[in-house]
Amino acid sequence: MVKEASAWLKEAGVETSHYLLMGLGGRDHWRRHIQEAARLINATAPEFVRIRRLWPYESNSPFSGPESPLLHEIRTGNFIQQTPEGTVLELRLLIEQIHSISTFVTYDHGNNYVQVSGRINEDKQTMLAKIDAFLALPEREREAHYLAVGSRI
């Protein structure tokens, strides 16, 4: 459905944008989630891909709304949340698997652990290098960074 809709929009001259949530596959299915997302991006070549990190919020959070339904799945053990480090590894795999297209990818929200943005066909290696530099930091520095970022809208 997304492929068809993207093709119709492009044919009509409308720019397309995809949003992707890191962590949506949890710890058990993250590779498949990212590989399928990359496959869809490669197939549809959207003008923009905006990436955010999954945040299952509680009802007492700063977000004024009902509790995230995913929290029930987490509490019952049906969904195991991705680790902070895991979301960075997801980002790296995604960037690595998107191929020579001019799509602008941005992972720039304050909720994200590593800020990278750029056009895949021009900036892919720079984005991967920034992610790799972060992952090369000592574990205690990465862990402190993850705690400092936390979750917020």
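Numbers below:
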| read-out | value |
| --- | --- |
| Residues located in segment 11-24, provided they are under 14 Å from I41 (Cα atoms) and either of a type in the set (S, T, N, Q) or without any contact (Cβ under 8 Å) to a residue 40 or more places away in the chain (or both) | E15, T16, S17, H18, Y19, L21 |
| Exclusive hit being within 16 Å of the chain's Cα centre (by Cα), among the polar types (S, T, N, Q) and modelled with pLDDT of 95 or more, set Q81, Q35, Q115 | Q35 |
| The one condition in (1) within 22 Å of G118 (Cβ to Cβ); (2) modelled with pLDDT of 95 or more that G86 fails to fulfil | (1) |
| Qualifying residue in segment 50-58 (condition: surrounded by fewer than 19 Cβ atoms within 10 Å (Cβ to Cβ), of a type outside the set (D, E, K, R) and at pLDDT 95 or above) | no |
| Boolean, S102 is touching a strand residue (DSSP E or B) at 6+ places or on another chain (Cβ under 6 Å), surrounded by fewer than 12 Cβ atoms within 10 Å (Cβ to Cβ) and not in a helix (DSSP H, G or I) | yes |
| Lone qualifier among L71, L94, L40, L128 - being within 27 Å of D28 (Cβ to Cβ), in a helix (DSSP H, G or I) and without any contact (Cβ under 8 Å) to a residue 24 or more places away in the chain | L71 |
| Residues located in segment 24-44, provided they are among the aliphatic types (A, V, I, L, M) and farther than 17 Å from T87 by Cβ | L40, I41, A43 |
| Count of residues meeting criterion [crowded, with 18+ Cβ neighbours inside 10 Å and part of a helix (DSSP H, G or I)] in segment 114-123 | 1 |
| Some residue of segment 137-153 being closer than 19 Å to I34 by Cα, surrounded by 12 or more Cβ atoms within 10 Å (Cβ to Cβ) and out of contact with any Asp or Glu (no Cβ under 7 Å at 6 or more places or on another chain) | no |
| Options E96, E67, E73; residue that is among the acidic types (D, E), in contact with a helix residue (DSSP H, G or I) (Cβ under 9 Å, 6 or more places away or on another chain) and either open to solvent by 30 Å² or more (accessible area, probe 1.4 Å) or at positive phi (or both) | E96 |
| Any hit, segment 105-112, residues being under 30 Å from E4 (Cα atoms), of a type in the set (S, T, N, Q), within 16 Å of the chain's Cα centre (by Cα) and modelled with pLDDT of 95 or more | no |
| Total residues in segment 18-35, condition in a strand (DSSP E or B) and surrounded by 14 or more Cβ atoms within 10 Å (Cβ to Cβ) | 4 |
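The values are calculated or read from the model by the stated rules, or taken from the named source; none is laboratory data. Values in this document were obtained by computation on a predicted structure and should not be read as measured data. Counting neighbours? That spans all protein chains shown, and the Cβs are built from the backbone with ideal geometry, glycine included. Areas reflect the complete protein model, heavy atoms only, side chains present, ligands, DNA and RNA absent. Shrake-Rupley method; radii C 1.70, N 1.55, O 1.52, S 1.80 Å.
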